[in-house]
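What follows is a short report on a single structure.
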Amino acid sequence: MATATKMRFGIVIFPGSNCETDTWHALNDQVGAPVNYIWHTETDLSGYDCVILPGGFSYGDYLRTGAVARFSPVMEAVSDFAGKGGLVLGICNGFQILLEAGLLPGAMMRNLGQTFVCRYVHLRVESANTPYTRGMEKGSVLRIPIAHGEGNYYADEATLADLKRNDQIVFRFSTAEGEITAEANPNGALDNIAGICNRERNVLGMMPHPERCSDPILGSADGRLVWESLLQTA
């Protein structure tokens, strides 16, 4: 276990979230970080350094994934928190919510093939210049699981160009050798995009689940690199 940090983590729980306990375990038990749950009606985030929107099916994924959660009282606080430089991490459904809230550019569509995909994939680290990846090497490959039906990231040409120009593409789906191929893309995402950050680099959204591979007993501990990178930020 890593040495405990003074960085304070909060995990937002929406009706339908189902990965909050996994995330709490990864932070508290695996890297020794203090963490609390934040109910979706709360509006005071002043006690936290990093707020996490976990995976799940917020509000049953009615309308679109994240479309209803975007209007939860806590999201106005999350927007203010991010605007002041607070760290915000959206995982899977959390990424979808960040897109709906306009905290990250682009949108999510149904997976290519219209099927729910739940398996381990490989990610190539495209940028180590974020609080979430500073403990990684650019070009390195992680083995992390996904579990989603709407992870097909889309953006228009101008937005994609901006993402590339500003080094905002943080993770891409790849082969185990780090090659970016159509076969390595599990959901049809534009340019194999698996995770992006905002221009200020304090908000990250990623479809894979680092909390589900932070313990070697789960088949991979590569997810710990995300948490350990955040501890370096502290």
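Only the coordinates and a few stated rules stand behind these numbers; no lab work does. The shown structure was predicted, so the numbers you read here are calculated from the model rather than taken from an experiment. Note that each Cβ is placed from the backbone with ideal geometry, even for glycine, and that neighbours are counted across all protein chains shown.
Okay, here's what the table says:
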{"read-out": "Karplus-derived HN-Hα couplings along the stretch 48-65 (A = 6.51, B = -1.76, C = 1.60, θ = phi - 60°), whole Hz, x at Gly and Pro", "value": "10, 9, 9, 10, 10, 9, x, x, x, 9, 3, 6, x, 6, 5, 6, 9, 4"}
{"read-out": "Shape of the stretch 1-97, Cα gyration tensor, a/c cut at 1.5", "value": "oblate"}
{"read-out": "Candidate aspartates and glutamates - alpha carbon under 16 Å from Lys6, same-chain residues fewer than 8 apart omitted", "value": "Asp29, Asp49, Glu228"}
{"read-out": "The stretch 91-154 and the stretch 1-63: distance between their alpha carbon centers, rounded to Å", "value": "18"}
{"read-out": "Intensity falloff of the stretch 9-233 expressed as log10 I(q)/I(0), Debye formula with alpha-carbon point scatterers, at q = 0.07, 0.13, 0.16, 0.17 Å⁻¹", "value": "-0.18, -0.66, -1.06, -1.23"}
{"read-out": "Cα gyration tensor shape of the stretch 77-165, rounded if a/c is under 1.5, else prolate or oblate by comparing a/b with b/c", "value": "rounded"}
{"read-out": "Mean residue ellipticity (222 nm) of the chain, computed from DSSP H runs ≥ 4 via -39,500 (n - 2.57), nearest 500", "value": "-5500 deg cm²/dmol"}
{"read-out": "Size of electric dipole in the stretch 173-234: Cβ of Lys, Arg +1 and of Asp, Glu -1, about Cα centre, debye, nearest 20", "value": "260"}
{"read-out": "Summed residue charge, Cβ within 15 Å of Asp162's Cβ, Lys/Arg positive, Asp/Glu negative", "value": "-2"}
{"read-out": "Rel. contact order, % - alpha carbon contacts under 8 angstrom, at least six apart, the stretch 1-87", "value": "34"}
{"read-out": "Reachable lysines from Lys164, criterion Cα separation under 27 angstrom, eight or more residues apart if same chain", "value": "Lys84, Lys138"}
{"read-out": "Residue of Glu150, Glu126, Glu179 that the Gaussian network model of the chain assigns the largest fluctuation, springs spanning Cα pairs under 10 Å", "value": "Glu179"}
{"read-out": "Estimated inter-spin distance, Thr115 and Asn129, nm [label 7 Å along Cα→Cβ]", "value": "3.9"}
{"read-out": "Within the stretch 7-99, percent of DSSP bridges classed antiparallel, to nearest 5", "value": "10"}
{"read-out": "Axial C-alpha extent at least 30 Å, average Kyte-Doolittle at least 1.6 - helices from the chain (DSSP)", "value": "none"}
{"read-out": "Under Karplus coefficients 6.51, -1.76 and 1.60, residue-wise ³J(HN,Hα) of the stretch 123-131 in Hz, glycine/proline x", "value": "10, 9, 6, 8, 8, 9, 9, 9, x"}
{"read-out": "Calculated FRET efficiency for the pair Arg143/Asp80, C-beta based, R₀ 25 Å, to 0.05", "value": "0.10"}
{"read-out": "Counting DSSP beta bridges with both ends in the chain, the antiparallel % (nearest 5)", "value": "60"}
